[in-house]
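A quick write-up on the structure given underneath.
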Amino acid sequence: MTEISPTELGDRLRDGKDESADVLVLDVRHREEYEEWHVPDSVNVDVYDELTDDPETAKDALVDLPNDREIVTVCAAGVVSQTATDVLREMGYDAETLADGMNGWSRVHRSAPVPTDLEGTLVQVARPGKGCLSHVLLSDGDAAVFDPSHYLEEYEAILEDHDAELVGVFDTHAHADHVSGGADLAERHGVPYYLHPKDALEIDATPIEDGETIEVGAVDIDAVHTPGHSEGSVSFDLDGEALVTGDTLFHESVGRVELGVEAGIEESDVEGNAATLYESLQRLLDRPDDSIVLPAHDSGSPEPPVTATLGEVRERNADLARDRESFVETLASDIPDHPPNFERVKRTNVGQEDVPDDELSELELGPNRCAAE
């Protein structure tokens, strides 16, 4: 079997952006699956059925691929794409398979420092395959992690690189698109796991309340309760320099308002949540224009650091220009497709369901859809 790891592929795609790329990523899934979620800059040749039923019949559709580039084949889990690789190699192509397919791609993490004037270092951790962003604050030997994935080794490596001691883990809310590693990371280090009580329904968490301040090294973290996307959504103001906004405020959108209701864990209604989110956003918009807005997601395939000032967000984000009535009507009526398995992911993150470790990756496999469109 000829494979390339997701991390190596990600590195090669990133390093080749400024020159003629030597890798062609070939996605062999059905067209609708590809359009929903794929590796950036990949091409789709829908030969999934041919490869499954009779691989020889796929050759006609593959014969026009360039023969001067290495081809990396992709499917959902790396099984059918391995058949594609075997066929391509028979045809004389230099081909290999993305290990674990899109499942493997969703595990890739990248990190980079965020430029700020904080008394310390703020590192952004991005998952290009999921569009997820998390953050690590390091100051005077202490560290805090915000919105971690369940791939804890990514955060352990940052702590080790900076010789920092973890003193707290924060989730901005109970996520609907991916399983949080916050509680496990906090337990591993014997530190508090902070989550607002409205979202910590049946999970052991240290309550974080509106107006509460927690010190991490020389940096004050102020909690701002910003419900609407979820009842327990909290944004974190880091010394007035950066705003960790979770899914409340994105750079070009805002959080959707129906997921908790439809997952059966909120007794509110969609219109009420939209009105609540509008008020929460007004609290954030009172902050200085030069504050760096750091959401928990980016709609593309993020290469860190993904940042924008609050002033820039005001100009780019059409949702912020709506009056209250228009905002509520738009968010309550224009409901995009749901994140895959969002009900189970939500229930897992509030402590109502326990998913075995070997099922976590498959559970959160798929595109991120936590922003209102």
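The values are calculated or read from the model by the stated rules, or taken from the named source; none is laboratory data. If you're wondering where the values come from, they're calculated on a predicted model, not measured in any experiment. Don't worry about glycine lacking a Cβ; one is built from the backbone with ideal geometry, like all the others, and counts go over all protein chains shown. Side chains included, ligands, DNA and RNA excluded: accessible areas come from the protein's heavy atoms. Shrake-Rupley method; radii C 1.70, N 1.55, O 1.52, S 1.80 Å.
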Fill in: Karplus 3J(HN,Hα) series, Hz, for region 356-366 with 6.51 cos²θ - 1.76 cosθ + 1.60 (x for Gly, Pro)
x, 4, 6, 9, 4, 4, 5, 4, 9, 5, x
Worksheet item: Which far-off residues, 5 or more places away or on another chain, put their amide H under 5 Å from the one on Leu195, with H placed in the peptide plane?
Response: Thr206, Ile208
Fill in: Residues with amide H under 5 Å from that of Asp220, placed H, sequence gap 5 or more
Asp239
Worksheet item: How much accessible surface does Phe342 have with a 1.4 Å probe, in Å² rounded to 10?
Response: 10 Å²
Discussion item. 5 Å is the cut-off here: which amide hydrogens, built 1.01 Å from N in the peptide plane, fall below it relative to Glu70, excluding neighbours closer than 5 in sequence?
Written reply: Leu24
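Hey, any idea what Rg/Rh is for region 249-373, computing Rh the Kirkwood way over Cα pairs? Walk me through the numbers on the way to the answer.
Working: Rg = 15.7 Å, Rh = 15.9 Å.
Computed over Cα atoms, the ratio is 0.99.
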Worksheet item: Do you know the relative contact order of region 55-94, to the nearest whole percent, from alpha carbon pairs under 8 angstrom that are 6+ apart?
Response: 53 percent
Fill in: Label-zone membership for region 41-79, site Asp94, 7 angstrom Cα→C-beta point, backbone N under 17 Å
65-73
Worksheet item: Using a 1.4 angstrom probe with every protein chain in place, what is the largest-first accessible-area order of Val23, Val45?
Response: Val45, Val23
Item to complete: Give the span of region 2-150's Cα atoms along each principal axis, as three whole-Å numbers ordered largest to smallest.
Response: 61, 30, 24
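Over the alpha-carbon set of region 176-295, divide Rg by the Kirkwood Rh and report the Rg/Rh ratio to two decimals.
Dividing the radius of gyration by the Kirkwood radius yields 0.96.
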Worksheet item: When the gyration tensor of region 66-132 is built from Cα positions, what are the square roots of 5 times its three eigenvalues, in whole Å, from largest to smallest?
Response: 37, 14, 6
Item to complete: Step through the residues of region 37-44 one at a time and calculate ³J(HN,Hα) from phi using the Karplus curve (6.51 cos²θ - 1.76 cosθ + 1.60, θ = phi - 60°), rounding each to whole Hz and writing x for Gly and Pro.
Response: 6, 7, 5, x, 6, 6, 10, 10
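What does DSSP give for region 164-279 in terms of the percent of beta bridges that are antiparallel, rounded to the nearest 5?
On the way: 13 of 17 bridges.
Just about 75 percent of them are antiparallel.
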Fill in: Debye intensity ratio in log₁₀ form over the Cα atoms of region 115-265, taken at each q of 0.09, 0.19, 0.20 Å⁻¹
-0.25, -1.22, -1.36
Worksheet item: Using 1/(1 + (r/R0)^6) with R0 = 22 angstrom and r between the beta carbons of Asp210 and Glu271, what's the FRET efficiency to the nearest 0.05?
Response: 0.45
Worksheet item: What are the extents of the Cα atoms of region 126-189 along their three principal axes, listed from largest to smallest and rounded to whole Å?
Response: 33, 22, 17
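For the chain, how many pairs of lysine residues have a Cα-Cα distance under 28 Å, where the two are 8 or more positions apart or belong to different chains? Write down the numbers at each step before the final one.
Numbers: Lys17/Lys130; Lys130/Lys198; Lys130/Lys346; Lys198/Lys346.
Final tally of qualifying lysine pairs is 4.
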Discussion item. Output wanted: per-residue J couplings in Hz (rounded whole) for region 154-166, from phi through Karplus 6.51 cos²θ - 1.76 cosθ + 1.60, θ = phi - 60°, x for Gly and Pro.
Written reply: 5, 7, 4, 5, 5, 4, 5, 4, 9, 6, 10, 9, 5
Discussion item. Quick check: the angle from helix 324-333's long axis to the longest principal axis of the chain, C-alpha only, nearest 10 degrees?
Written reply: 40 degrees
Response to the item:
Rounded to whole angstroms and listed largest first, the alpha-carbon spread of the chain along its three principal axes comes to 64, 48, 41
Worksheet, complete the sentence: Measure of exposure for Tyr34: accessible area at 1.4 Å probe, Å² rounded to 10, is 20 Å²
Item to complete: Round to the nearest 0.05 the FRET efficiency obtained for Glu315 and Ala112 when R0 = 25 Å and r is the Cβ-Cβ distance.
Response: 0.55
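Can you give me the orientation-averaged projected area of the convex hull built on the Cα atoms of region 242-318, in nm²? Each step should come with its number before you reach the end.
Working: hull surface 22.4 nm².
For region 242-318, the mean projected area of the Cα convex hull comes to 5.6 nm².
If packing is taken as the average count of other Cβ atoms within 10 Å, what order do 94-102, 172-180, 262-270 fall into, highest mean first? Before the final figure, lay out the partial values.
Working: 94-102: 22.7, 172-180: 27.9, 262-270: 16.7.
Peptide ranking by packing, descending: 172-180, 94-102, 262-270.
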Response to the item:
Extension length gain for Lys59 and Glu329 (0.36 nm per residue less Cα distance), in nm, is 92.1 nm
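Only helical DSSP H runs with n ≥ 4 go in: add -39500 (n - 2.57) per run for the chain, normalise by residue count and round the 222 nm mean residue ellipticity to 500 deg cm²/dmol.
Numbers: 14 runs with 111 residues, N = 373.
Calculated from helices alone, the mean residue ellipticity at 222 nm is -8000 deg cm²/dmol.
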